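The structure appears right after this line, and notes come after that.
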């Protein structure tokens, strides 16, 4: 098998081309056009929330959510260190301070007990990031926010379709965000969504994302706004993708079960699904016994034409956020030992078997050399 197996590639076999051609044929290619509203309404219905507004990417979705909540200089937002950097950077954009919490070793999600320890008089919000498609412990986080009068933000960039106690992620917090980058479960190329059940937060989000344009006075701007709008073309792709989401997630869960069946062993630990959640498996992820073994395995797979990626490095260890370094043992352990494996919907069972065989051969050879 000489063809390289990528870590991810989008599946664009639905109505994407038809809807995009409609945009071109009608000349509605910018942020005006029917597909923007169709995508927003369909997405809100899928997540089971009242309001959704499209944006140009997942990072600005988080920034917009923070702006809508009025978070800024002097505020603190508790966020997991084990996350993609966008979750943290967006907090910094507002002038607020990210405060890092550790993760749970079983699910890899933010640890509610560590969240409690980090609450101060400056804490304004908690950001739950549903990493790799597995939901956070939402019952505990909702309770903590209510008891401490804090906002709850959900970063669902990697978890569209995931559920906690049979309820979609993105429907628990005051406001939530999604990403539709090319490697996400559904894609618009670049794009994102902000969702909420709060009409005021929705209206504030729409206001800020459209250059702060006043509702009833043309070219009058009453706040410092941003150009965070999604184009009609991107929304057209998103709508076509959303029509296929159940099939995408079903296949991704099937892929995860194939990997798990073949790889879960003493030397390789597969990302587990908690009993009360529905894991959408944005990525299929495993943890090796140590960092050195991980890099050797990644090199071994690369030589076999298989692309992998490491799990996210903890944000608190990065130069711009490590000035007040503290030890977060679980986040660091996962960040140094984890690997993401190819998990795109079109991957074949034959390719999965090939990947697993290469991994098992590596582990067997490593055991012999011990």
Checklist entry - Of the conditions (1) farther than 18 Å from residue 53 by Cα; (2) touching a helix residue (DSSP H, G or I) at 6+ places or on another chain (Cβ under 6 Å), residue 120 fails just one. Which one is it? => result (2)
Checklist entry - If you scan segment 71-117, which residues turn out to be assigned to a loop (DSSP other than H, G, I, E, B), over 16 Å from residue 144 (Cα atoms) and without any contact (Cβ under 8 Å) to a residue 40 or more places away in the chain? => result 72, 73, 94, 95, 96
Next on the checklist: Please pick out the residue among 92, 54 that is under 20 Å from the mean Cα position of the chain (by Cα), surrounded by 18 or more Cβ atoms within 10 Å (Cβ to Cβ) and closer than 30 Å to residue 141 by Cβ.
Outcome noted: 54
Next on the checklist: Being in a loop (DSSP other than H, G, I, E, B) and within 29 Å of residue 247 (Cα to Cα) is the filter here; which residues of segment 276-303 pass it?
Outcome noted: 276, 279, 280, 281, 282, 283
Next on the checklist: Every residue in segment 315-370 that is within 30 Å of residue 12 (Cα to Cα), part of a helix (DSSP H, G or I) and in contact with a helix residue (DSSP H, G or I) (Cβ under 8 Å, 6 or more places away or on another chain), please.
Outcome noted: 349, 352, 353, 355, 356, 358, 359
Checklist outcome for this item: Subset of segment 252-264, residues farther than 23 Å from residue 190 by Cα and either touching a strand residue (DSSP E or B) at 6+ places or on another chain (Cβ under 7 Å) or modelled with pLDDT of 95 or more (or both), comes to 253, 254, 255, 256, 257, 258, 259, 260, 263, 264
Checklist entry - Does residue 33 fit the bill of being touching a helix residue (DSSP H, G or I) at 6+ places or on another chain (Cβ under 7 Å), outside the structural domain of residue 307 (by TED's automatic domain parsing) and on the phi > 0 side of the Ramachandran plot? => result yes
Item to check | Residues satisfying the stated conditions in segment 19-57, i.e. over 13 Å from residue 234 (Cα atoms) and in a helix (DSSP H, G or I) | outcome: 25, 26, 41, 42, 43, 44, 45, 46, 47
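To keep it simple, each residue is scored yes or no on (1) in contact (Cβ under 8 Å) with a residue 40 or more places away in the chain; (2) over 30 Å from residue 345 (Cα atoms).
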{"residue": "191", "(1), (2)": "yes, no"}
{"residue": "201", "(1), (2)": "yes, yes"}
{"residue": "219", "(1), (2)": "no, yes"}
{"residue": "224", "(1), (2)": "no, yes"}
{"residue": "231", "(1), (2)": "yes, no"}
{"residue": "250", "(1), (2)": "no, no"}
Checklist entry - Does any residue of segment 256-274 turn out to be more than 16 Å from residue 342 (Cβ to Cβ), in contact with a helix residue (DSSP H, G or I) (Cβ under 7 Å, 6 or more places away or on another chain) and in a strand (DSSP E or B)? => result no
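The values are calculated or read from the model by the stated rules, or taken from the named source; none is laboratory data. Worth saying up front: this structure is predicted, and the values here are computed from it rather than measured. Note: ideal-geometry Cβ built from the backbone for every residue, glycine included; neighbour counts use all protein chains shown.
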